[in-house]
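This report refers to the structure that appears directly beneath it.
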Amino acid sequence: MDFLFKNSRAKRPILFMFDVLSFLALNIIYYASTVYFDTSPEYIYSVYLWNTLILFVSMFALRYFLDVYSNVWRYTSSKAYFNLIVADMGGAAISVILSRAFNLYEGVWHFAVIAAFSALFAIFSRLCYRLLYKRRQIIASNETGPVINVAIVGAGQLGVLLATDLVNNRKSIYKPIFFIDNDQAKVGARVYGLPVYYENASVLEQIKRDGISEIFIAISNMDGDEATRLYDFYSLTGCKIKIYDLPVREAKQSGAAKPTIREFQIEDLLFRDPLTINDKDEFKYYNNKTILVTGGGSIGSELCRQIAQCQPKRLVIFDIYENNAYDIQQELSYNHPELDLCVEIGSVRDRVRLDCIFANYRPDVVFHAAAHKHVPLMEQSGCEAVKNNILGTYNAADMAEKYGVDKFILISTDKAVNPTNIMGASKRMCEMVIQCRTDSKTSFAAVRFGNVLGSNGSVIPLFKRQIAHGGPVTITDKRIIRYFMTIPEASQLVMEAGAMAKKGELFVLDMGKPVRIYDLAKNMIRLSGFEPDVDIKIEEVGLRPGEKLYEELLMKNETLDKTENNMIFIERDAPLTREDVQSRLDILISAVEESKDSLGSAKVKAAIAKVVPTFREPNEINKTADQSSEMQAVK
């Protein structure tokens, strides 16, 4: 018996031989009974062997064409049993026709009876096999050690798939005990042999009574609000909570990736639906093009990953930080050996080096992600923000025009809207540099979005480090809110915007509701298995220089146009002229020159406030923050 279960190659021939023997035994019994009751056995014998051969060939040929013997019967569905019945009944019908054609017809009963009993025996044998296999699994699991009792939230198709997987996988340490569902049609019934309970307070007691250790969420298309509700509700049980779904990166591809059990992640609690790309054909725009990405940080690296899948003619990475450039080079070389990948080290501040890069590679598309982005650091080193962010963007844009680049896409930020710090104001000035070039043969555009989860220097890695050290988790202010998105979402938005870009657009993602950083900290502590302010403290440390309580995605005087993707919009504010932008750049260049012997940023900040009219001091914004629509959205 162990041989039958362990040797996968032997299973199908054994089942086939069992079916053949059953078929022959049924025919012998049928013939013997016919001879016993019939007065003319010689006639029956003369046609019986031919009819038996016709029926055998017809039935087993149909079983072959309907893949009856290709099924793994311990996992199979009702469709496989249906195919077996169709094959045998179809074989009987074909046999009747052929028997008549060859003048061998003795009546329909022979074919119908043999086919029906053959199907019955075949189904019975497979059901016995499944029962024996499950019993063997139970014995094996008892020998290997105790199993973990689990409850499955969601008695739909995904939940049943999970239960099937857990029951039939002999290596699984999990034992599903019951389902939990809000569908009244399922509550009180049994799904896959497991009871279904209603999701209310009493089910929490049921979880304790049945010794449930882990709870698996198996709900398709679950958004952030629902994930948060479920996580908060089932956290009351003290059980470990996990999700059964497609891996994030695989879920965005069209392949048949298998759902997996995974830990809850902070991305699951984003309070909004993830970005969906409407038309994958737009990514064909990047096929067979030379694409230059400046900056190899979190966004730049993910852009390179996405671009590599589009089969470009060549991908060029240009970065001043060689460690980032090396890491993404090694990753892409391993995952995409066919990719023509070039990595160049240099700064966007260096016009001579940029000219050399553009002259040699002649890119068709440029994604400009190189920038200083840390708000407090740029408050102290404002000259560097101007030189790297603003003048670097100006240099790259000039080279794009000089060498006939088709499209130039700037990576911007929500901090550019009514900025209260040098970094945000520098990015707003970058947008002006891009938007003034509407007369260019190159299509310039900018993409503006909020904070990116898990990016270098973001709050998520900081919180993880603090939790790993036992706390405290530090936040600047319990009231502070931010918009969030994932790195793959941000990169796909940028690429889609690049495909759509025409002249001077500023693309914005509808990021839904902003997230309170205090709530984010509490959720991260819970996800790590601790209780906020009990196991790990949360402390306020005060707002950092240049920081405001909320960010905005739109300026109040801007209007929005829709795009084909209902989560992406185009802002249209009146662009400045090239001359006006140049005069503002001259003011900034003078301020940088005057500040070259000092560490402070006072002169640069004054110049920034002069050239970016929407610049405000953070205190001016923060004192009325509670009345803003952004702050009201999270109350």
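The values are calculated or read from the model by the stated rules, or taken from the named source; none is laboratory data. Computed from a prediction, not measured in an experiment: that's the story for all the values here. Cβ placement follows ideal geometry from the backbone for every residue including glycine, while neighbour counts extend to all protein chains displayed. Areas reflect the complete protein model, heavy atoms only, side chains present, ligands, DNA and RNA absent. Shrake-Rupley method; radii C 1.70, N 1.55, O 1.52, S 1.80 Å.
Tally up the residues in the range 19-49 that are surrounded by fewer than 17 Cβ atoms within 10 Å (Cβ to Cβ) and modelled with pLDDT of 75 or more, please.
Of the residues in the range 19-49, 6 are surrounded by fewer than 17 Cβ atoms within 10 Å (Cβ to Cβ) and modelled with pLDDT of 75 or more.
When the residues of the range 328-355 are filtered to those that are assigned to a strand (DSSP E or B) and not acidic (Asp, Glu), which remaining residue is most open to solvent (accessible area, probe 1.4 Å)? Show your work before the answer.
Let us first name the residues in the range 328-355 that are assigned to a strand (DSSP E or B), namely 341-345.
This time we only want the ones that are not acidic (Asp, Glu), so: 341-343, 345.
Values: 341: 38, 342: 23, 343: 40, 345: 74 Å².
Per the stated criteria, the residue is 345.
Inside the range 349-388, can you point out the residues that are within 34 Å of the chain's Cα centre (by Cα) and of a type outside the set (A, V, I, L, M)?
361, 362, 363, 364, 367, 368, 372, 373, 374, 376, 388
What strands (runs of 3 or more DSSP E), lying completely within the range 414-478, carry at least 1 residues that are in contact with a His (Cβ under 9 Å, 6 or more places away or on another chain) and without any contact (Cβ under 8 Å) to a residue 40 or more places away in the chain?
Details: elements: 443-449, 451-453, 473-475.
Here the list is empty.
Can you tell me which residue within the range 137-160, out of those that are more than 20 Å from residue 239 (Cβ to Cβ) and surrounded by 15 or more Cβ atoms within 10 Å (Cβ to Cβ), is modelled with the lowest pLDDT?
141
Of the conditions (1) surrounded by 14 or more Cβ atoms within 10 Å (Cβ to Cβ); (2) farther than 23 Å from residue 446 by Cβ, residue 359 clears all except one; give me its number.
(1)
Evaluate the range 373-380: report whether one residue or more is within 30 Å of residue 286 (Cα to Cα) and open to solvent by less than 10 Å² (accessible area, probe 1.4 Å).
In the first step, residues of the range 373-380 are kept if they are within 30 Å of residue 286 (Cα to Cα); the result is 373.
Of the ones still in play, those that are also open to solvent by less than 10 Å² (accessible area, probe 1.4 Å) are none.
No, the range 373-380 contains no residue that is within 30 Å of residue 286 (Cα to Cα) and open to solvent by less than 10 Å² (accessible area, probe 1.4 Å).
Tell me whether the range 293-308 contains one or more residues that are hydroxyl-bearing (Ser, Thr, Tyr), modelled with pLDDT of 95 or more and surrounded by 19 or more Cβ atoms within 10 Å (Cβ to Cβ).
Step one: filter the range 293-308 for residues hydroxyl-bearing (Ser, Thr, Tyr), giving 294, 298, 301.
From what's left, modelled with pLDDT of 95 or more: 294.
Going one step further and asking which of them are surrounded by 19 or more Cβ atoms within 10 Å (Cβ to Cβ), we end up with 294.
Yes, the range 293-308 has at least one match.
May I ask you to verify whether residue 405 is under 33 Å from the mean Cα position of the chain (by Cα) and either part of a strand (DSSP E or B) or small (Gly, Ala, Ser) (or both)? Steps first, answer last, please.
On the way: under 33 Å from the mean Cα position of the chain (by Cα): yes; either part of a strand (DSSP E or B) or small (Gly, Ala, Ser) (or both): no.
No: the conditions fail for residue 405.
Which is within 18 Å of residue 447 (Cβ to Cβ) and of a type in the set (A, V, I, L, M), of 299, 317?
Details: 317 fails: within 18 Å of residue 447 (Cβ to Cβ).
None of the others qualify; the one that does is 299.
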